[in-house]
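The structure appears right after this line, and notes come after that.
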Amino acid sequence: MNPFIYSDDNKRYHTLYYHNCRVFGGRVFKAAIDAGFTCPNIDGSKGSGGCIFCAGGSGYFTAGELSVKEQFRREELRIRAKYPNAKIIAYLQAHSNTYAPPAELERVYNELIDAGAAGLAIATRADCIDMDKARLLSSLPVPVTVELGLQTVHSSTAEKINRCHSFEEFLAGYDMLKSRGIRVCVHIINGLPGEDEEMMLDTARRLGKLRPDGVKIHLLHVIRGTPLCGIYESGGYVPLTKEQYIDIVIRQLELIPAATVIERLTGDGNKSTLAAPLWSADKIAVLGGIDKRQSELDTWQGKSVG
């Protein structure tokens, strides 16, 4: 018998599918959008070049040459061809999507809502949040999730990856959003340079104490053309093995409250530019390995949360 309460199947963690069925009443898909924003770690205001793993601001699934409304329409056609009754959330994925004046943000968000988006998922950095933007986000007429890229709680790692963003800045932005009742999903990355297993568990432990609405756990992908790839090719970085990654994720899940939605357990790298680890391209095998290992160990999300 599955001991995990937020599940209708064999999953021992709180899946996004389980959450969406209860909030939206059925299947929900995300339309990936590039709204043309940049990032304070790219445009020189805080840094340049972005984080060492950044390849185009995660916009490789988008069509940034089109308007946001045209992008949404194209994604809608693709999704409804297979799932005609699905609800569609506009996912502003590329770069930092609160990094603009509130009036510009409001124009973009409302254009997507007018196009038929059932909700918005807005990827950004916590240092691109202020109270004016938090008020705007809380005023929108559809469900909104702000996806904050934390990646790690460790300042030594943040310096190594050229994050130009501190844990204290993350906490300030997170608190502003939560004070306005905004749903927040936090991203963390496993396998960052210089981090051992205990450091990755500490990130999950400290994040779990904040009780975020959602969490995305990513594997660090080495993408060709990035500074990280140069470090990898020179022997300065060794990626996690699949077995290491699965074991770390399972232990992290034990530290995250059961009510927190686990929106991702491994990332989708661009396979045409993925340099390493190549095992990560088989996402189904990774997810299946997590399910199998959780069952073998009789563990589940939140097991170690007091």
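Each value in this text was obtained by applying a stated rule to the coordinates, not by laboratory testing. A quick note: this is a predicted structure, and the numbers were derived from the prediction, not measured. Please note: Cβ atoms are built from the backbone with ideal geometry, for glycine as well, and neighbour counts cover all protein chains shown.
Here are the numbers:
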item: Qualifying residue in the stretch 19-28 (condition: crowded, with 19+ Cβ neighbours inside 10 Å, under 30 Å from Gln294 (Cβ atoms), among the basic types (Lys, Arg) and in contact (Cβ under 8 Å) with a residue 24 or more places away in the chain); result: no
item: Residues of the stretch 3-18 classified as part of a loop (DSSP other than H, G, I, E, B) and either free of Cβ contacts under 8 Å to residues at least 60 places away in the same chain or surrounded by 15 or more Cβ atoms within 10 Å (Cβ to Cβ) (or both), total; result: 9
item: Residues (outside any loop (DSSP other than H, G, I, E, B) and either among the hydroxyl-bearing types (Ser, Thr, Tyr) or under 23 Å from Asn110 (Cβ atoms) (or both)) located in the stretch 156-175; result: Ser156, Thr157, Gly173, Tyr174
item: Candidates Gly173, Gly194 - the one that is surrounded by fewer than 22 Cβ atoms within 10 Å (Cβ to Cβ) and among the small types (Gly, Ala, Ser); result: Gly194
item: In the stretch 156-181, the residues that are touching a residue at least 24 places away in the same chain (Cβ under 8 Å) and of a type in the set (D, E, K, R); result: Lys160, Arg163, Glu169, Arg180
item: Lone qualifier among Val146, Val153 - being under 15 Å from Val186 (Cβ atoms), touching a residue at least 24 places away in the same chain (Cβ under 8 Å) and in a strand (DSSP E or B); result: Val146
item: Which listed residue is of a type outside the set (Gly, Ala, Ser) and within 24 Å of Ala259 (Cα to Cα), from Asn41, Asn20, Asn85; result: Asn20
item: Qualifying residue in the stretch 120-134 (condition: without any contact (Cβ under 8 Å) to a residue 12 or more places away in the chain and within 29 Å of Ser67 (Cα to Cα)); result: no
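Let's see how each residue does on (1) part of a loop (DSSP other than H, G, I, E, B); (2) of a type in the set (A, V, I, L, M); (3) under 20 Å from Tyr13 (Cβ atoms):
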{"residue": "Leu177", "(1), (2), (3)": "no, yes, no"}
{"residue": "Gly181", "(1), (2), (3)": "yes, no, no"}
{"residue": "Val184", "(1), (2), (3)": "no, yes, yes"}
{"residue": "His187", "(1), (2), (3)": "no, no, yes"}
{"residue": "Pro193", "(1), (2), (3)": "yes, no, no"}
{"residue": "Ala204", "(1), (2), (3)": "no, yes, yes"}
{"residue": "His218", "(1), (2), (3)": "no, no, yes"}
{"residue": "Gly225", "(1), (2), (3)": "yes, no, no"}
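Residues checked against (1) surrounded by fewer than 21 Cβ atoms within 10 Å (Cβ to Cβ); (2) in contact (Cβ under 8 Å) with a residue 12 or more places away in the chain; (3) in contact with a Ser or Thr (Cβ under 7 Å, 6 or more places away or on another chain); (4) not aliphatic (A, V, I, L, M):
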residue	(1), (2), (3), (4)
Thr203	no, yes, yes, yes
Gly208	no, yes, no, yes
Val222	no, yes, no, no
Val238	yes, no, no, no
Tyr245	no, yes, no, yes
Val249	no, yes, no, no
Gln252	no, yes, no, yes
Ile256	no, yes, no, no
Arg264	yes, yes, no, yes
